[in-house]
Amino acid sequence: MKNIGRRNFLKKTSLSTASLYLAGAVGCSEKENNLSGGKYMGDFSASKLDTVRIALIGVGARGSGHAKQLASIEGTEIVAIADVYEDLVDRSVASCEVIGNERHAAIARYFGDENIWKKMLSEVKPDAVFISTNWKNHATMAIETMNQGAHAFVEVPIAVTLKEMWEIVDTSEQTQKHCMMMENVNYGREELLYLNLCRQGVIGEILHAEAAYIHELRFQMEEQERGTGSWRTHHYAERNGNLYPTHGLGPVAQYMNLGRGEDQFNTLVSFSSPARGRKAYAEKNYAADHKWNAQDYKGGDMNTSIVKTTLGKTVMIQWDETSPRPYSRHNLVQGTKGTLAGFPTRVALEGGIEGATDSHHRWAQGEQLDGLYQKHEHPMYKRLGALATKMGGHGGMDFMMLYRIVECLRSGSPLDQNIYEGCLWSAVAPLSEASVAQGGMPQKFPDFTRKQWKNTQPLNIISVSYTHLTLPTIYSV
């Protein structure tokens, strides 16, 4: 969905580093000491929904995929779709109608106005709303969704500023509605295996992790009027920090039970390299008077941030969507008995791995990990992996995430990711901007739980089995 008032986005809502982190940081300690007036959402379970009535805001590249996959799951009804562009709405409505037959036969269409989504919420009154729009819109749309009585499911990041994150937390607690940031990478096969291995103590006590989003995406600059590049490029140009931390960070945070009873993020330091790649790309590919060559690119090509937890453990988080190098999320977790790492998937354990290695001095990878998968495969992947792979979406992780959301809403179970995790992981962006602007000075993480994280249960997904639910029929896509 096109961002709300793109000209206003540029003119009125400056995303300069200084304005962003100062606006977000002011009042955080005060917020921690003042309750929202609602109830804590750490282990929240909503009332069961036999049928989940779903609306979507934004059906471009990301939202259109969500629409098709949600429509394919039994127990859903797609009731409305909103986007600025009529052709995008029509495309997703048509795909849902074909997939769901009579279940999605009367989808309301909303398009043409940047605020049309508000009308949709008030008229349709859905149970759940899936938001896939410009990052700047996420907080506004999520807050209004909850105030209108629906659960909100938001693409990453959950918000841009700390102030927005506090407003989301307060609204969720006051309305008793879920607000989940849809971090799909937590549902990857490797990530689920590593979660299981960490919970079973295979690598001992976890001391350090490494997370990243390294993905060269300069081609998105071709999307100048519509599409991701039309708004995301301005974020890269106007902000300097780690703008997209959650794909790598979400999984390792759950491996380490951060914010869930055991430990919590404490402080962050951050440094960015010089900004070179976007300017060079613009000079090479566009005319001298093109708007991309008139842009002052402030964001460093590579950002490296280090987080220190309350127990003294460390997490390195890197972000680079500019440099020419292969894709990586690192996905490394170091324990006292061994190391799990990604890209490629590889494991080293003290004493070696039976049938693969004889010590921790050599990685086990490829077919050498077959025995480890057989013994420690995540139960959810055993149950849904083949189906998710068939349905697709980043190798199946998208479908598994959406399936789990529907399953939890229908069973009245806690979601796999709570509101506080979405805010905690997303807070890396504004905190890193503040640290970079101050020459790497440490930044304190807000405690969005207001000290209740110690009472929050670790993610129990590895032991959950909804035997009372039959596996929904999946309609052909």
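Key figures for this structure:
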read-out	value
Local electrostatic count, L217, Cβ distance below 9 Å [Lys/Arg +1, Asp/Glu -1]	0
S122 - accessible surface, heavy atoms, 1.4 Å probe, Å² rounded to 10	60
Under 15 Å, Cβ to Cβ, from M391 - net charge with Lys/Arg +1 and Asp/Glu -1	+2
Carbon and sulfur %, accessible surface of the chain computed with the full protein complex present, 1.4 Å	49
Accessible area in the full protein assembly, largest first, 1.4 Å probe, for E421, E97	E97, E421
Net charge contributed by nearby residues that have their C-beta within less than 10 Å of L258 (K/R +1, D/E -1)	-1
Among 229-242, 193-206, the order from most to least packed when residues are scored by Cβ within 10 Å on average	229-242, 193-206
Accessible area of the chain divided out per residue, in Å², using a probe of 1.4 angstrom	39
Amide H contacts under 5 Å for N242, placed H, 5+ residues apart	S432, E433
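The values are calculated or read from the model by the stated rules, or taken from the named source; none is laboratory data. Predicted model, so just to flag it, every value in this text is computed and none were measured. Here the Cβ is made from the backbone with ideal geometry for all residues, glycine too, and neighbour counts use every protein chain on show. Ligands, DNA and RNA are excluded from the accessible area calculation, which covers all protein heavy atoms including side chains. Shrake-Rupley method; radii C 1.70, N 1.55, O 1.52, S 1.80 Å.
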